[in-house]
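The values are calculated or read from the model by the stated rules, or taken from the named source; none is laboratory data. In this text, all values refer to a predicted model and were calculated from it rather than measured experimentally. Here the Cβ is made from the backbone with ideal geometry for all residues, glycine too, and neighbour counts use every protein chain on show. SASA here: full protein model, heavy atoms, side chains in, ligands and nucleic acids out. Shrake-Rupley method; radii C 1.70, N 1.55, O 1.52, S 1.80 Å.
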Amino acid sequence: MTDLAEFAREKGVKYFMVSYTDLGGAQRAKLVPAYTINNVVKGGAGFAGFAGGFVLTPAHPDMLGVPDPTTVIQLPWKPEVAWVAANPAMYDADLPQAPRNVLRNVIADAEKEGLRIKTGVEPEFFFLSPCGGQIADTRDVGSKPCYDQQAIMRRYDVISEVSDYMIDLGWEPYQSDHEDANGQFEMNWKYDDALATADKLAFFKFMLKSVAEKHGLRVTFMPKPFLELTGSGMHAHISGWSLDGETNAFYDGNDELGLSEVGHHFLGGIMKHASSLAAITNPTINSYKRINAPRTSSGATWAPNSVTWSGDNRTHLVRVPGKGRIELRLPDGASNPYLLQAVIMAAGIDGVRNKCDPGKRLDIDMYADGHTVKDAPKLPLNLLDAIRTFDANTELKAALGEDFAQAFIEMKTKEWNSYCGHLTQWERDNTLDI
């Protein structure tokens, strides 16, 4: 285990940011002087869980953020500070509703099936003006801006800086591009074990926002910040491996798509639970403006709204883009880095255990011909539908943990009720004169 005090001495670190991701996906932290960090490793940094993004009360004792020293990262843009992921604890045990703990438990469950799940993510995001009301690049106005060479070069300073940092951190970034919406970009790095990917995604969001702010910009991972533009997804690539990480258990060279029986069953679990896991992969009110959006200015939403799968066809919920892996195209930019991994794994492992059949493969263009598919379940129309569907799924809730599921449903129901208590301009425009 990394000795964080020794790490600080070697690297010139003065402070550690002891960080955790809360139930809603926000990152919380305490700044700890380096000289006392090993005491915090032993006893945890104290947080008031009620104020810190969990379904707790002011009467609960301190929630302790216990650093995981293996995750430590010296901030490339501020080297005197290091970030370290923490596992929230209370009553001398892991806090069950904490997302990183949920994922750790699901990983342990997958290991019982002899599987080590590796994942990669494709975070999409917008660069905005500091006020957040418009895209930062006023010249980025094309109707088909995807891969726009000039537009990505106008954001070169931020993207290259973050990419350089990822190279130095050993993440092996391999491409960045301008995406389908004006002002929208994507950055990619190599896949890894599910927990490592979640930690990297949490840190990436923090790093990108910090560097963008330094350059006078604002970054949003909001799923649908502009109704007329394509929303931001968080596509996830998944493969299953032997416990030693050497053999891809999802690979079968004799299968047409290169997917083994285990891989098909894992896919079957995702298809079985797709409508339920949407509450976690698409966890905000705004998420459903991406899933159920009308055609955007580019001509396509690039988001699924039905539970279908295909080969290398981006118009479906799941595609098989290469041998030995699958891609889930449902998640969006608001998804919690840890819960995203956990719910995919929980659904897939259920499929493996119960030998779930993913159903018929479809190769049609769902954007043009989806209306001809009559037997495919539809994804939830809104967050309330998603919450209710998740709540009814006893298998998925049990796999993620009942304490977590109860807290998540309570938090998201309050969010929905708050939204319903908000009077919109649309209501005035359409109801005032009735």
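So the check is Cβ under 9 Å with 6+ separation or different chains; which pairs have a first residue in segment 354-369 that's over 10 Å from Leu267 (Cβ atoms) and a second one that's open to solvent by 70 Å² or more (accessible area, probe 1.4 Å) and aromatic (Phe, Trp, Tyr)?
Tyr367/Trp302
Looking for whichever is of a type in the set (D, E, K, R) and modelled with pLDDT under 95 here; the options are Asp350, Asp369, Asp332. Which one fits?
Asp369
Select, from Asp168, Asp157, Asp192, Asp180, the only residue that is among the charged types (D, E, K, R), more than 30 Å from Ser242 (Cα to Cα) and surrounded by fewer than 22 Cβ atoms within 10 Å (Cβ to Cβ).
Asp157
Identify all residues within segment 332-349 that are farther than 17 Å from Leu383 by Cα and under 8 Å from the mean Cα position of the chain (by Cα); write none if there are none.
Pro337, Tyr338, Gln341
Working only within segment 239-259, note down all residues that are farther than 18 Å from Asp357 by Cβ, open to solvent by less than 40 Å² (accessible area, probe 1.4 Å) and either of a type in the set (Phe, Trp, Tyr) or within 22 Å of the chain's Cα centre (by Cα) (or both).
Ser239, Trp241
Out of all the residues in segment 16-37, which are buried (at least 19 other Cβ atoms within 10 Å of the Cβ), in a strand (DSSP E or B) and touching a helix residue (DSSP H, G or I) at 6+ places or on another chain (Cβ under 7 Å)?
Phe16, Val18, Tyr20, Thr21, Val32
Restricting to segment 129-153, name every residue that is touching a residue at least 40 places away in the same chain (Cβ under 8 Å), open to solvent by less than 90 Å² (accessible area, probe 1.4 Å), closer than 27 Å to Leu328 by Cα and not small (Gly, Ala, Ser).
Pro145, Cys146
Could we say that Gly401 is on the phi > 0 side of the Ramachandran plot and either open to solvent by 80 Å² or more (accessible area, probe 1.4 Å) or of a type outside the set (A, V, I, L, M) (or both) here?
Here the answer is yes, as Gly401 does meet what is asked.
May I ask you to list pairs of residues, at least six apart or on different chains, whose Cβ atoms are under 9 Å apart, with the first in segment 296-316 being without any contact (Cβ under 8 Å) to a residue 40 or more places away in the chain and the second being β-branched (Val, Ile, Thr)?
Asp312/Val320
Is it the case that some residue within segment 199-215 is open to solvent by 20 Å² or more (accessible area, probe 1.4 Å), assigned to a loop (DSSP other than H, G, I, E, B), out of contact with any Gly (no Cβ under 9 Å at 6 or more places or on another chain) and over 30 Å from Trp241 (Cβ atoms)?
Yes, some residue in segment 199-215 is open to solvent by 20 Å² or more (accessible area, probe 1.4 Å), assigned to a loop (DSSP other than H, G, I, E, B), out of contact with any Gly (no Cβ under 9 Å at 6 or more places or on another chain) and over 30 Å from Trp241 (Cβ atoms).
Of everything in segment 38-93 that's part of a strand (DSSP E or B) and open to solvent by 40 Å² or more (accessible area, probe 1.4 Å), which residue is nearest to Asp192 (Cα to Cα)?
Selected residue: Gln74.
Is it true that some residue in segment 382-391 is under 21 Å from Gly269 (Cβ atoms) and aromatic (Phe, Trp, Tyr)?
Within segment 382-391, one or more residues are under 21 Å from Gly269 (Cβ atoms) and aromatic (Phe, Trp, Tyr).
Looking only at segment 216-232, how many residues end up being closer than 13 Å to Pro130 by Cα and open to solvent by 20 Å² or more (accessible area, probe 1.4 Å)?
4
Do any helices (runs of 4 or more DSSP H) entirely within segment 260-356 hold 3 or more residues that are open to solvent by less than 10 Å² (accessible area, probe 1.4 Å) and among the aliphatic types (A, V, I, L, M), and if so, which?
The helices (runs of 4 or more DSSP H) meeting that bar are 261-281, 337-353.
Pick out the one residue from Ala93, Ala110, Ala136, Ala89 that is aliphatic (A, V, I, L, M) and either touching a His at 6+ places or on another chain (Cβ under 9 Å) or over 24 Å from Ala398 (Cβ atoms) (or both).
Answer to the selection: Ala136.
Taking segment 365-407 as the region of interest, how many residues are touching an Asp or Glu at 6+ places or on another chain (Cβ under 8 Å) and under 25 Å from His316 (Cα atoms)?
Total satisfying the criteria: 3.
List every residue pair whose Cβ atoms lie under 6 Å apart, where the two residues are 6 or more positions apart in sequence or sit on different chains, the first residue falls within segment 56-76 and is of a type outside the set (D, E, K, R), and the second residue, located anywhere, is open to solvent by 60 Å² or more (accessible area, probe 1.4 Å).
Leu56/Phe50; Thr57/Phe50; Pro58/Phe50; Pro69/Met1; Gln74/Lys11
State which residue is farthest from Leu217 (Cα to Cα) when the search covers only segment 143-185 and only residues that are of a type in the set (Lys, Arg) and part of a loop (DSSP other than H, G, I, E, B).
Selected residue: Lys144.
In segment 94-109, what residues are open to solvent by 50 Å² or more (accessible area, probe 1.4 Å) and either in a helix (DSSP H, G or I) or without any contact (Cβ under 8 Å) to a residue 24 or more places away in the chain (or both)?
Asp94, Arg104, Asn105
Which numbered condition in (1) in a helix (DSSP H, G or I); (2) surrounded by fewer than 17 Cβ atoms within 10 Å (Cβ to Cβ); (3) not acidic (Asp, Glu) is the only one that Ile364 fails?
(1)
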